[in-house]
Structure formats: C-alpha cells, structure tokens
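Report on the structure given below.
The values are calculated or read from the model by the stated rules, or taken from the named source; none is laboratory data. Just so it is clear, the structure is predicted and the values come from calculations on it, not from any experiment. Quick reminder, even Gly has a Cβ in these numbers, built from the backbone with ideal geometry, and neighbours come from all protein chains shown. Keep in mind that these areas ignore ligands, DNA and RNA; they rest on the heavy atoms of the full protein, side chains included. Shrake-Rupley method; radii C 1.70, N 1.55, O 1.52, S 1.80 Å.
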Amino acid sequence: MNQATHMQFNATPGNLSQYARCVIQKVTKNGKADLPKVEAVQNNVRTNQARVSAYARVCGFDDNSNLLPITYAHTLAFPLHMEMMLHESFPVTPMGMVHIRNSITQHRAIHVDEKMDIRCFFAAGERTSKGLEFDIQTEVRIGGELVWEGTSTNLARVTGPGAPKKAKSNTPRPALPDFQMKERWILATDLGRRYARVSGDTNPIHLHSIPAKLFGFKGHIAHGMWSKARAAAALYKKVNSEACTISVEFKLPVFLPSKVEFNYTESDDGIDFDLRDDKGQKVHMKGQIIKL
C-alpha cells in the first residue's frame, strides 16, 4: 500500500459494533508483516469528571482528582485502534488477537477538561514463530504539545508460509526475582464487566465464562490494561513525577475470580514490579515505571 489512508473521526466509534464487525469479517487476510500505512485521528476529544472518576474507582486511582489517570488515554485511543485493525488493508483479522506488551509515556498530566487531539498509526510488524506481532503507536497532543504517547504490541496467531520456526531451547527458566514489597489483591468475578463499562473495551472474553470458552479459554479473564492500570495506581505517586514511563509485558491471563500477588521494588532507576498468582509461582505481568 503506497498511499497512506487517513481516517478522521468526529465522534468515538462504537465498540459493540466493532466487535460485531470482527465476528462477521471474512477471513481472507494474508498474514504478512508489511503493515498498511493507516492512521486514525480524532480531534477535540473531551472527557468528563464522572466518567474519569468511575474509571479511577475501578482501577484504584484517586477518584477525586481532576487529572486523568496515566492509563486513561489508552481507553480513548482503543476504539481508533480497532478501526485501524478492521480496515480492509490490514493483513489479519482482529478476532482472537492477544495484547502482549504496552508502554505509556506521560510527558505531563492531562486535566479532565482539556481538549485532546489523538492520532494512532501502525509502527512496526514482524512475523515470529507465534504469528504476526505488530505495534500501534498513539500520540495525544494538546494545543500542538505532545503530552502522552503509547505503544501497544499485539499478537495475531498466523500459520502457514512465512512464519519462522521456533528454536528449541534446553535452557532452564531463571528463578523469579525477589521483591521488597508485596500486596494481595482479590479480583471479583464481575471485574471484567465493571472495567468494560468504564473503559469501553467490551471484548466478550472478559465478560462471561461462556463466550470466553468459545475462544479457547477455561473461563473469562481480566483485561490486561486493568492489570496495568491497577499497578500504575499503586505506584504512580511513589515516582513523584508527572513525567514518567510505565511499560509492561503480559505473560499469562488472569482468570476471574482470583487472588493475585503484586510485588515491587523501588530503586534510584525506578520501580520494578510483577503480578503473580496467589502462590507466587506464575507471572501474569511484569514491568517497570521510571521517572523522566
């Protein structure tokens, strides 16, 4: 695709209709790593205090703040991500896609009443032994100033020609690191539904066990971005800086309901953390938050 495709939105695309389009979309994709030059833009985006406060309560942030939680802009960009992946030139279907990494850099905090210009575009794609890994880059500007940016890395499982073979390895898994601090979180069975209401991400694998089982899971799972937001809520104030980067890798799904162990260690370089099962043996997510 030589010419860039520019998609301009005056209102936020509906998430439910997007998932319906995923279901009926014809699977005629080629699975190639060459991503199309597609960008999605929405200008003058506003939010409101009630919606932000509801999100903050579900994720553990201060729900009386007039600043957006550091992860909130991702929820504003996610519908644009979906439109890009539903574009006819995109090489794989979004259905069954897995979010494997996410990095957010906040250059300054965003006030609830500020108008935002959001631009999303494909940044990189690579065929791996597991499928097609690709990045969606998001930029949020206010008055032309870049205030927030994020990279979401997704995996679409693709088989057939072009996929490199996975190399065998006999290397033992390294021991899990020890952390200074430990918290226990109890995640209720309705967490996915509560997060869906405040984030707009209504992927059925997070809502109920029946649709989750149809997609190959043993039950419904927590949103990866809820796990990241909950970690950010626990650690953001400890960084003591509006300007910071928080990056995570999503390792294993968190089935609902469940009890999990959140671990972290503070250092001069930042805060390292992970999220494990209640026995502390399996890592669901690991990451770092650093001050800029």
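Please report the net charge: other residues with Cβ closer than 13 Å to the Cβ of L176, K and R +1, D and E -1.
Every neighbour counted, the sum reads +2.
Convert each backbone phi in the stretch 233-239 into a coupling constant with the Karplus relation 6.51 cos²θ - 1.76 cosθ + 1.60 (shift: θ = phi - 60°), then list the ³J(HN,Hα) values in order as whole Hz, x for Gly and Pro.
Computed from phi, the couplings for the stretch 233-239 are 5, 6, 10, 4, 5, 5, 6 Hz.
Which residues' amide hydrogens lie under 5 Å from the amide hydrogen of G131, considering only partners 5 or more residues apart or on another chain, with H built in the peptide plane?
V158
Please work out the Cα convex hull volume for the stretch 47-123 and give it in Å³ per residue.
128
Just check the chain against the gyration tensor rule for me: Cα atoms, a ≥ b ≥ c as the square roots of the eigenvalues, rounded for a/c under 1.5, and otherwise prolate or oblate depending on whether a/b exceeds b/c.
Since a/c stays below 1.5, the shape of the chain is classed as rounded.
Could you run the Karplus curve 6.51 cos²θ - 1.76 cosθ + 1.60 with θ = phi - 60° over the stretch 109-125 and give me ³J(HN,Hα) per residue in whole Hz, x for Gly and Pro?
5, 9, 6, 4, 8, 7, 8, 10, 9, 10, 10, 10, 7, 6, 10, 7, x
Per DSSP helix of 4 or more residues, -39500 (n - 2.57); summed, then divided by the residues of the chain. What does that give at 222 nm, rounded to the nearest 500?
-7000 deg cm²/dmol
What ranking do 42-50, 57-65 get when scored by the average of other Cβ atoms within 10 Å per residue, highest first?
57-65, 42-50
If I build a Gaussian network model for the chain, linking alpha-carbon pairs within less than 10 angstrom, which residue out of E183, E126, E261 has the largest mean-square fluctuation?
Comparing E183, E126, E261 in a Gaussian network model of the chain, the most mobile one is E183.
Please report the Cα spread of the stretch 88-157 along all three principal axes, rounded to whole Å, starting with the longest.
Cα spread of the stretch 88-157 along its principal axes, largest to smallest: 42, 24, 18 Å.
Treating only the Cα positions of the stretch 146-292 as identical point scatterers, give the base-10 log of I(q)/I(0) from the Debye formula at each q in 0.14, 0.18, 0.20 Å⁻¹.
The Cα Debye sum returns log10 ratios of -0.82, -1.20, -1.32.
Given labels modelled 7 Å from the Cα in the Cβ direction, how far is it in nm from L176 to T189?
Inter-label distance under the simple model: 2.6 nm.
Quick query: amide H of W148 versus all other amide H atoms, modeled in the peptide plane; which residues come in under 5 Å with a sequence gap of 5 or more or a different chain?
It is H107, V140, by chain and number.
State the extension gain, in nm to one decimal, for the chain segment bounded by I142 and D62, taking 0.36 nm per residue of separation less the distance between their alpha-carbons.
Gain on extension, I142 to D62, equals 26.5 nm.
Using the Karplus equation 6.51 cos²θ - 1.76 cosθ + 1.60 (θ = phi - 60°), what ³J(HN,Hα) coupling, rounded to whole Hz, does each residue of the stretch 46-59 give in order, writing x for Gly and Pro?
10, 10, 9, 4, 5, 5, 5, 5, 5, 4, 4, 5, 5, 9
Could you list the residues of the stretch 209-242 with an amide nitrogen less than 17 Å from a label point located 7 Å from the Cα of D277 in the Cα-to-C-beta direction?
Within reach of a label on D277: 217-222.
Given a 1.4 Å probe and the protein chains all in place, what does the accessible area of H6 round to, in Å² to the nearest 10?
100
Using modelled backbone amide H atoms (1.01 Å from N, in-plane), which distant-in-sequence or interchain residues come within less than 5 Å of I110's amide H?
L68
Please give the Cα centre distance for the stretch 193-265 versus the stretch 75-150, rounded to the nearest Å.
Taking the Cα centre of each part, the stretch 193-265 and the stretch 75-150 sit 17 Å apart.
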